[in-house]
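Remarks on the structure that follows.
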Amino acid sequence: MKSDVATTSANAPIAPATELDAVDERRAAVAKLPDECPGHEHEEQAIELPSTLRHPSSATGTKKLWRSMSELTDSPEFKELLDREFPKAASEWTDEVSRRNFMKIMGASLALAGVAACTRRPEEIIVPYVVPPEQVLPGRPLFFASTYTMEGLGRGIVVESHEGRPTKIEGNPDHPASLGAASAQIQASILSMYDPDRSQGLLRTGDNSTWDRFIGEILPKLDEVRANGGDGLRILMTPTASPTLDRQLKLLAQQYPAAKIHAYDPAGHTTGSTGAQAAFGQDVNTVYQIDKAKVVLSLDSNFFVDSAGSLAYAKQFIKGRKIREDNHDPKNMNRLYVVESTPTITGAMADHRERVKPSQIEAFARALLAKLGGPSADAMASNVLWLDALAADLKDNAGKAVVIPGEFQPPAVHALAHAINALIGAVGQTVYYTDPVFSTTTAGTIDSLVADANVGKVKLLFILGGNPVYDTPADLKFAAALENIAFKVRLGTYNDETSFLCHWHIPESHFLETWSDARAFDGTASIVQPLIAPLYDSRSIHAIFGVLTNERDLTDYQQVRKTWGAVADPATAQAKAFEVMWREALNKGVLPNTKFAAKSFTAKAVPAGPAGGKSGLEVVFRPDPNILDGRFSNNGWLQELPKPLTKLTWDNVIFISPNKAKELDIPQFDKFDDAWGYHVQLSANGAAITGPAWVVPGHPDDSVTVFLGYGRGRTGVIATNVGFNVNPIRSIANPWMASGADIKKVDGRLRLACTQTHQLMKGAGPRDLIRVNPIADYEKAKHGPYGPPAEHHGDESHGAAPHGEAHAAPVPHGEAKAEAHPVDPKTLGGTADTPMAAKAKRSVALTLYNKQMPSDPPYDQTSNQWAMSIDNNACIGCNACVVACQSENNIPIVGKTEVIFGREMHWLRIDTYYGGDDINKVDGPYFQPLPCMHCEAAPCEVVCPVEATQHDHEGLNVMTYNRCVGTKYCSNNCPYKVRRFNFFRYKDDQNESIKLMRNPNVSIRTRGIMEKCTFCIQRISAARIEAKKHGGEGGDGIRGGTSFGKVEGEHTPLTACQQSCPTDAIVFGSLTDPKAEVVKLKSEPTDYALLAELNTRPRTTYLGRFTNPNPAIGNG
Amino acid sequence: MAQIFHPSMNTVAKATIIGGVLFAAALGALGSIVDRSPYVTQQGVIREQPIPFSHTHHVKGVGIDCRYCHTGVEESGFAGLPSTKTCMTCHSQIYRDAPMLKPVHDSWEKNKPIEWNRVHNLADYVYFDHSIHVNKGVGCNTCHGPVDEMRITWQHSTLQMDWCLSCHRDPSKFIRPKDEIFNLAYDPKKKAKDLEVSPAELQATLLKDYHIRTDGQLTNCSICHR
């Protein structure tokens, strides 16, 4: 079977003239199989589903949905994987132990198991404070507002602290750049602080040293430089929007007039300012207001993730896509066009997405500008088919449309976008301009630093942050330039490649250990407030500038307060007013009135374009979606986080299109289901790298994408020997793109850890796990693929009626039970005719037993009945929830080998589905977060031999870890595959620092224990206790709780995933709370349950996804 | 064929069978006894402390309220131990030179906390919360026993799950009015008499007033384990 496939693939004609698709060939090959083996046909028939359960595609003409290429082609490997919970051999005993020995060991373990239970309680000490810190009540966490600085820009955060240990980072709802959400990186940065591989002390040429010795050595050198007016002193840093740093930089410039400050941006988010230079002749900050836009065009911009206001922009965009029964008019829904050179999650949300090679982005923008009435002289040909329709749409929505240029695009594309925005009346409406937020003191570039160093102009260099020896393009030859500099000082978190080549390495304090400040994308300033004293002998960047500017006595705290107007004499009215302002700013996390006002700028003419388009293979360079430019290399959470779209962990790959794979003769799937990366050699800019290729549907044919951040030289244990370095083929002249590249297949392949085909639901494919419909079909689609629900339950005619979801397997006894337990639909927070009530009416029936649990409908109205609603239309697949869950619930990482076996521990996964039958023209991908469903009739509970998993009174499916004996039956029986088993002792109990990070309210699981999503039971428990403590009869009006412990309204706990979600896709609450948002959402007609036909009655349900294609173009 | 076994072997066989059963039962019983013994549970075991702190003196003698030192008991899951500063509120003035109190004064002067030996130590997978118990009518001495009689503190109860469940299954016997929580001499019969109700009526009223769930939710695994 396999050889057949391989042969056809190998023999496939490569000439582009033949339109024959390799995938189609495979499909043909597989389709032929029934003729070859007659038994196969029977098998096919045996598993054929009743007509009511068949995939709706046949009925409604919807395209096929699939998770991997082997599923698209119905490969036998995929079918096998679907049947297994873990890949073959992953769950088998592979050690060479005979059965006899095995029995001996097991017998002995059983005998000893009882003895082990009789252990004495360990003798522990208990240590109270000498003087208790203000506000600290042991056992109760405190929350502090602070700021996370990403690419120089601030994002407001709230940090949870337990007895002085920061344990979790959340978004600050009062900060405009986070609005309560936090990205995966922001949340994972807490792990970086506790990283045991962080550098822990100063190093002088590799030997341990002290701060005093550093001061002793550096001061004479600084005096020498100062005497020369600063000549020879250079600072290399990353762009900053910190007002305090800006103040210090200005002070430095005063004291050392001839010194130069160079800024470089390893993750490339400052092209906006060079673009603005091109458009306006000066640096201008662009702020989008996407919530005001009906039509959005992204010119290769992954604005959900990479833009300056990413979290806010994602929220604004999704606001226009919350499709509800009372708001499903296509006119109210926004439309997203994306033209991109590499698939991104923003492209996944697009209603119309076009893949073009990177050099064509500019051509497209020029063509669009010409279409809209701009200067047509330099219009370039663009092959995007829907250009006219897009231009018309933008014109029709003048003032309600916006064009967003890509963060990695050349200045010309930014200039073009500014010009288009001016033409379509976007300026002042959906986009406005302000003064630059970045410090403008950092005028030098890194190439000018290298040039100066090579001619001996640089005598003393401070490298503050970044890791230029690793993360700059190879043709810059930064390491070689360092040799020409007499004395080098490096401030960095790790003793990395750059520190190795410097005289002094000074450990940099983490942002949770130091005071600072930062401006956000709209200018709003906020304070970086430390949560803990530095764990190691580390310093902040402010302290280094303190040394440079003779302000060594000033602490970071004093420096920041000085920036914001602290005065020396505390008695003055000014000082008192400052203290009030300062306290409020710390409390709220935002400094008042610091947002920049909109300003108008006059655009220059758009610069003329290049003579013609480029030909040949192009390479796109992007920071890795998880570890960025390598700064998070040693962060295990981010390494093991399945990357959006590919679901790869622990490696970087070379993205190629399916056609390119065919051309290079790279198999698109292999026996282990899509998880082999075949090595290719990619050469560009006079150098070559070798790495595994990865076929990505939706990638342009004539380009490849590679990712930064891997193949590190000197780093911690996590990042060692992980991935390959792509910097050798980058060029400083054009760091985000290379043309004239060449790719060829070389020997060898690499087993990759891809979670895309892990934890497959048996329903994947044939049933509607994810519902996607155009908004125009709302009325038709809102009841799902099976039509509207049956009117009356228990009706005699149900057999003939169109089948509702729960009719899948009618059980006669169940029908009888339905009458025995009539449900009053009003108890469900709705009237008799709400769809939710109808649903509950149907779903209560199918049980053989009389036992009525409080969590069965009609629910016990005096208790909380927890439930979750996930809006597939709002999920952008950003992974913030996965890391939030990991951080909140002490979820360990397992490493690449274990991930390959399907043993990753994430309680929440993001299922990714592609749509369409043609691999070259796919829809989506569509994302679906999948936590535990908390089924009311949970299949896992009935098979547990020790009752370790049970249902509680509030409808939670709970795990009692200390009861679990690890049979894994529950996991086998879970149709959603949401249970995770500790095959080994994954928890890290070796590193003391990691222990400080753990959430003390969640058990640490050991080997042999099953675990899963708890709906954040620790948060529920805390809320319930508060409600019970403070609620009077019917609630005291302050906390909204009752003495029963029923938590209502705004006092409902937030789950960690819900809290971190930038688009509010996850809503959690109690079904018995009439005010709960979750009740409203579950009453939506588009609400549906996964695998509802199994009658598990999941408490987690989904809202269908809708697209808004332009009728002038058609369905994408 | 020669006789292989001597007839006395019949007795031996019977004795072995019965003895084996008895032995297994005895082993089981022993295990169960050991598991519930103070050796394992530490119930009633007096632990040496750096300072021989006497609750008898401070509670019964001086009359200090529980909450003066255990500040978190009404608001937090953890009742809390007094900081050195709390000790020093009195002991900066009285017994300043008592050798017994040297560790307190050393702690204060050197800013080093006192390391007490922990008396009550629940398993880590149990998430016990003091505040909800205290707010729902469970008095201190219900679990901690006659603290005011303890010259050196010991653990009054077994702290085993069996013991927890005895109340979680039927809380009525153990609850008292909220104003009696910190009264170590609370007598339910006397209270009922004062209120002119029968003890049973008092229990029923309290259960109702405090909305204590008797529908089995209190014995859900997830109430204590997560």
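Where a number appears in this text, it was derived from the coordinates with a stated rule and is not lab data. Please read all numbers here as calculations on a predicted model, not as lab measurements. Note that each Cβ is placed from the backbone with ideal geometry, even for glycine, and that neighbours are counted across all protein chains shown.
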Mean projected area (nm²) from the convex hull of Cα positions in chain B is 21.9 nm²
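Over all alpha-carbon pairs in region B:3-65, figure out the percentage whose distance exceeds 20 Å. Before the final figure, lay out each step's value.
On the way: 1252 of 1953 pairs.
That tail contains 64 percent of the Cα-Cα pairs.
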So what are the three principal axis dimensions of region A:226-326 from its Cα atoms, in whole Å, longest to shortest?
73, 27, 21
Based on Cα coordinates alone, diagonalise the gyration tensor for region A:688-747, multiply each eigenvalue by 5, take square roots, and list the semi-axes in whole Å, largest first.
22, 16, 11
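What share of Cα pairs, in percent, lie more than 13 angstrom apart in region A:640-713? Could you put the intermediate results ahead of the total?
Working: 1832 of 2701 pairs.
Result for the distance tail: 68 percent.
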To the nearest 0.05, what FRET efficiency results for A:Ala533 and A:Ile125 with a Förster distance of 22 Å applied to their C-beta separation?
0.45
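Test of the criteria: in region A:1050-1084, which trypsin sites (Lys or Arg not before Pro) are in a DSSP loop and have at most 14 other Cβ atoms within 10 angstrom of their Cβ?
On the way: sites: A:Lys1075, A:Lys1080, A:Lys1082; in loops: A:Lys1075.
Those that pass, being in a loop and sparsely packed, are A:Lys1075.
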What is the calculated FRET efficiency for B:Asp179 to A:Val567, with r their C-beta to C-beta distance and R₀ = 51 Å, to the nearest 0.05?
0.50
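Too long at a 23 Å Cα-Cα cut-off: which of A:Lys588/A:Lys1075; A:Lys1028/B:Lys208; A:Lys357/A:Lys395? Mind showing how you got there, number by number?
Working: A:Lys588/A:Lys1075 27 Å; A:Lys1028/B:Lys208 13 Å; A:Lys357/A:Lys395 26 Å.
Over 23 Å apart, Cα to Cα: A:Lys588/A:Lys1075; A:Lys357/A:Lys395.
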Say each of A:Ala451 and B:Lys189 gets a label point 7 Å from the Cα, pointing the same way as Cα to Cβ; how far apart are those two points in nm?
9.9 nm
Which loop-located trypsin sites (Lys or Arg not before Pro) does region A:551-587 contain, where loop means any DSSP state but H, G, I, E or B and the Cβ has at most 15 other Cβ atoms within 10 Å?
A:Arg552
On a full-extension model of 0.36 nm per residue, what is the gain between A:Met853 and A:Leu750, subtracting their alpha-carbon distance, rounded to one decimal in nm?
32.0 nm
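Which number do you get for Rg(Cα) / (2.2 N^0.38 Å) in region A:398-460? Intermediate values should be presented prior to the final figure.
Numbers: Rg = 18.0 Å, N = 63, 2.2 N^0.38 = 10.6 Å.
With N residues counted in region A:398-460, Rg over 2.2 N^0.38 Å equals 1.70.
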Hey, which lysines would be in cross-link range of A:Lys488, C-alpha to C-alpha under 21 Å, not counting anything within fewer than 8 residues on its own chain?
A:Lys221, A:Lys260, A:Lys457, A:Lys459, A:Lys477
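Output the Kirkwood hydrodynamic radius of region A:598-657, Cα pairs only, in Å rounded to one decimal. If you can, show how the numbers build up before the last one.
Working: mean 1/r = 0.0645 Å⁻¹.
Hydrodynamic radius (Kirkwood, Cα only) of region A:598-657 equals 15.5 Å.
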Ellipsoid semi-axes in whole angstrom, largest first, where each is sqrt(5λ) of the Cα gyration tensor of region A:136-239:
37, 20, 13
P(r), alpha carbons of region B:1-110 - 5 Å bins starting at zero, rounded %
2, 8, 10, 12, 11, 9, 6, 5, 5, 4, 4, 4, 4, 4, 3, 3, 2, 1, 0, 0
Test of understanding: given chain B, find the longest segment containing no GluC sites (Glu not before Pro) that are in a DSSP loop and have at most 13 other Cβ atoms within 10 Å.
B:49-195
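Shielding by partners for B:129-136, please: the mean number of other protein chain Cβ atoms within 10 Å of each residue's Cβ.
Details: counts 5, 1, 6, 7, 0, 1, 5, 4.
Taking all residues of B:129-136 together, the mean is 4.
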Can you give the log10 of the normalised intensity I(q)/I(0) at q = 0.10, 0.12, 0.15 Å⁻¹, computed with Debye over equal Cα scatterers of region A:956-1108?
-0.50, -0.71, -1.03
Restricting things to alpha carbons, find the Rg to Rh ratio for region A:449-558 using the Kirkwood radius for Rh.
1.02
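Which length gain, in nm to one decimal place, applies between A:Ala479 and A:Ala733 when the Cα-Cα distance is subtracted from 0.36 nm times their residue separation?
Values: separation 254, 0.36 × 254 = 91.44 nm, distance 1.75 nm.
So the extension gain works out to 89.7 nm.
Taking 4 °C and 1.567 mPa s as the conditions, I'd like the Stokes-Einstein D for region A:241-294 in µm²/s, using the Kirkwood hydrodynamic radius from alpha carbon pairs. Let's see the in-between values first.
Working: Rh = 14.0 Å.
Using the Kirkwood radius from Cα pairs, D works out to 93 µm²/s.
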Percent of Cα pairs exceeding the 24 Å cut-off, where the set is region B:76-172
38 percent
Take region B:107-223, drop everything but the C-alpha atoms, weight them equally and run the Debye formula without solvent; then report log10 I(q)/I(0) at 0.12, 0.17, 0.19 Å⁻¹ to two decimals.
-0.53, -0.95, -1.12
Please report, for the Cα atoms of region A:587-729, the Rg to one decimal and the Dmax as a whole number; what are they, in angstrom?
19.9, 60
Would you mind giving the average projected area, over all directions, of the Cα convex hull of region A:859-973 in nm² with one decimal?
10.4 nm²
Anything over 31 Å Cα to Cα? Flag those among A:Lys1080/B:Lys173; A:Lys168/A:Lys1046; A:Lys400/A:Lys921, in the order listed.
A:Lys1080/B:Lys173
Estimated vicinal HN-Hα couplings, Hz - region B:153-158 in sequence order (Karplus 6.51, -1.76, 1.60; Gly, Pro = x):
6, 10, 8, 7, 10, 6
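Placing unit charges on C-beta atoms (Lys and Arg positive, Asp and Glu negative, everything else neutral), compute the dipole magnitude of region B:72-226 about its Cα centre in debye, rounded to 20. Please report the intermediate quantities before stating the final value.
Values: 19 positive and 20 negative charges, 27 e Å.
Charge dipole, region B:72-226, about its Cα centre: 120 debye, nearest 20.
Applying 1/(1 + (r/R0)^6) with R0 = 60 Å to the Cβ-Cβ distance of A:Asp989 and B:Asp209, what FRET efficiency is obtained, to the nearest 0.05?
In this case the efficiency is close to 0.85.
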Separation of the A:Ala392 and B:Val34 label points, Cα + 7 Å toward Cβ, nm:
8.6 nm
